[in-house]
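Notes for the one structure printed next.
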Amino acid sequence: MTKITLKTVMVIVVSIILLSSCKEKSKLINIGYLPIAECLPLYVAKEKGFFEKYGLEVELVSEPNGPTVFKELDAGAIAIGFSNVVTLIKQTNAGKSYNSIFGATYETISNTNHSIFGRMNDKIAFDKAIFGINAHKNIEELMLLSYLNSKGYKIDSSTQSRFKEIPFPQMLSSLKDKEIDYACIVEPGITIAKNDTSNYLYVGNHYAVDSTSKTLVATYVSTTKNISENPEQIKKFIQAMQEATEYINNGNKDTRNFILTYSKLPENLLNKISLPEFSSKIDEKEFNKIVDLMYNPSLNVNNAFISNPEKRVDYNTIIFKQK
């Protein structure tokens, strides 16, 4: 019988610890998000332990906008990211390989999460104004162009030159300091602005929803390469996020509390902010409505959104379907 020495035991113990450490490390995934209420399912999945439940160790990484999320995805700094669908469609049309892997947020008449604000007693004509948007060539810019077009303003290259890129958390301060004339903001900024009528004036909702329609806004994406190389990781992410979305939609009272952890929201406004409609899936009809806007020549000036207009982005190629 082979004698097991203390040294042998120590080697075995150390090996097990190292293997266990490597195994745990392999589960760690970075997820890029925007520090806004719209990312609530991600906060719930993290804070309620749903990621842990499905065997994932997750770190949430705050990003300033959707385009930055895609840069981080390309660099491998994050494995999954939250982004507006316009940036996803734009990147896909340009030949990049990404997929929506989970979920959607929608703007509806009762789930208003986007608005335009100006300064009180300082109204400036739209054709001379500087607009604040969180990123160029994304859904905020597309919806703003569509809104201005509906008001009778002609869209040309000079229109987009008056759009200034400012992260959402800094938008209201930039408006107050007169860096911009109008701010395109999301919650919690909308509620903050509506409660400060000495400084801010509500102008309108540029997402053009009525009682019978809704607008697809954002989703969670990953590179096609990452999806193919880490199918179990993606599957577990989807499971955790489905549970989180159901938790929110079932009306659990503690869900809003998690917004305080990830955004600069005064606690007294927590129950006043409007949340988007959360869904586990992107509706094909709503997806195609966004695509139609992006391909509209009146809005796609100088191919700002769609670089290859002859190439139609197809729903079935951009939406990941779990096997």
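Things worth noting here:
- Rounded to the nearest 10 Å², the accessible area of residue 88 at probe 1.4 Å: 0 Å²
- Solvent-accessible area per residue, Å², over region 275-323 with all protein chains present [probe radius 1.4 Å]: 56 Å²
- Remark: the residue 254-residue 123 segment gains 43.2 nm on full extension, using 0.36 nm per residue and subtracting the alpha carbon distance.
- Translational diffusion of region 49-131 was estimated from the Stokes-Einstein equation, with Rh taken as the Kirkwood radius over Cα pairs; at 10 °C and 1.306 mPa s the coefficient is 97 µm²/s.
- Average 1/r across all pairs of distinct alpha carbons in region 88-225, invert it, and you get the Kirkwood radius: 16.0 Å.
- Considering region 151-191, its Cα convex hull presents a mean projected area of 3.6 nm².
- Surface analysis of region 71-115 yields an accessible area of 29 Å² per residue, using protein heavy atoms and a 1.4 Å probe.
- Kirkwood's formula applied to the C-alpha pairs of region 167-273 gives a hydrodynamic radius of 17.1 angstrom.
- Extent along the principal axes, Cα only, for the chain: 92, 50, 35 Å, with the longest axis given first.
- Kirkwood Rh, angstrom, region 190-229 [1 / mean 1/r, Cα pairs]: 14.2 Å
- Legend: calculated FRET efficiency, residue 74 to residue 153, from the Cβ-Cβ distance at R0 = 30 Å, rounded to 0.05, equals 0.30.
- Calculated FRET efficiency for the pair residue 319/residue 28, C-beta based, R₀ 22 Å, to 0.05: 0.25
- Sulfur and carbon atoms: percent of accessible area, the chain [1.4 Å]: 51 percent
- Counting 0.36 nm for each residue step from residue 109 to residue 62 and taking away their Cα separation leaves a gain of 14.1 nm.
The values are calculated or read from the model by the stated rules, or taken from the named source; none is laboratory data. Treat the numbers as computed from the prediction; the structure is a model and nothing was measured. Positions of Cβ are generated from backbone atoms using ideal geometry, with glycine treated the same way; all protein chains shown enter the neighbour counts. To get the accessible areas, we keep the full protein, side chains included, count just its heavy atoms, and leave off ligands, DNA and RNA. Shrake-Rupley method; radii C 1.70, N 1.55, O 1.52, S 1.80 Å.
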